[in-house]
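Data first, discussion second: the structure below is written as structure tokens.
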Amino acid sequence: MSRYRDIAAQLHDEIRGHYRAGELLPSESQLAERFAVNRHTIRRAIDELVHDGLVRRYQGLGCRIVQTPIDYALHDHAAFSHNLNQLGLGLATEVQGWRATELPVALAGALDLSPRTRVLELHTRRLIESEPVCLIRHFLFDLPEDALAAFTGPSLHAFLREHHGIELRRGTTRLRARMPTLDERAQLTIGRGTPVMEVHTRNYCRHSDRLREYSISRSRSDLFEYSVEPKP
């Protein structure tokens, strides 16, 4: 085994056994002295850890241990804010903008709706402990044009329930992994080698079964593991 791979394997075991999320690895010079190799060898070893999603490099700070993936369950009551609050994670929502508009033609076709269907389109960015983790594009049906004027987060579904009497349930969910766009990389602070998980969800009114929301979320694949729970 190459020396840098041997060092990477040893550091991998140490990270899993002795480090917590958010802690820093020793500096490259400290690791080079410890393993009696040059810094280029250490840099290649750390490249392996970065590629495996165990650490992230921060300019001027060093390499920080990445938290273990968040287990995100997809079921009837699943919603982004609810899931993360259940795990005790600090969640914040940035409202990036919203508008009253017509449903995009491609999405209208997929939903078998008229492309002239009016919707409220909302863009949000979700952060955990101040770190951006997810971008969501929401399309909301059958709401007044000013329905989102008071929304500041964190939970859109809680807002719709409290302000508009709408209780939502998850319907069809589709997932796919893809490489991020330049804008997604910038907003999620990820490298070009980290895929995003794109999740398309239909949410229905729990009492009338009318489609009330279609959402497209793009989450960092290094931070989430999705589990699909079978219907009872």
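A compact table of results
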item: ³J(HN,Hα), Karplus 6.51/-1.76/1.60, whole Hz, each residue of region 101-112, x for Gly, Pro; result: 7, 9, 4, x, 4, 4, 5, 4, x, 5, 9, 6
item: 3J(HN,Hα) from dihedral phi, region 143-149, Karplus parametrisation 6.51/-1.76/1.60, rounded to Hz, x for glycine, proline; result: 10, x, 5, 9, 5, 9, 4
item: With all protein chains modelled, accessible area of ILE190 [1.4 Å, Å²]; result: 20 Å²
item: Protein accessible area in the chain, 1.4 Å probe - carbon and sulfur %; result: 48 percent
item: Relative contact order [Cα under 8 Å, 6+ residues apart], the chain, whole percent; result: 18 percent
item: Accessible area (Å², 1.4 Å probe, nearest 10) - TYR4; result: 30 Å²
item: Dipole in debye (nearest 20) - the chain, about Cα centre, beta carbon charges: Lys, Arg +1; Asp, Glu -1; result: 420 debye
item: Distance (nanometres) between label positions extended 7 Å along Cα→Cβ at ARG137 and ALA21; result: 2.8 nm
item: Dipole axis of the chain (+1 Lys, Arg; -1 Asp, Glu on Cβ), positive-most option in PRO132, ASN38, ALA186; result: ASN38
item: Loop trypsin sites (Lys or Arg not before Pro), region 140-201 (other Cβ atoms within 10 Å of the site Cβ: 11 or fewer; DSSP); result: ARG192
item: Probe 1.4 Å, protein heavy atoms only - accessible area per residue of the chain in square angstrom; result: 55 Å²
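The values are calculated or read from the model by the stated rules, or taken from the named source; none is laboratory data. Treat the numbers as computed from the prediction; the structure is a model and nothing was measured. So basically every Cβ, Gly included, is an ideal-geometry build from the backbone, and we count neighbours across all protein chains shown. Heads up: the accessible areas ignore ligands, DNA and RNA and are worked out on the full protein's heavy atoms, side chains in. Shrake-Rupley method; radii C 1.70, N 1.55, O 1.52, S 1.80 Å.
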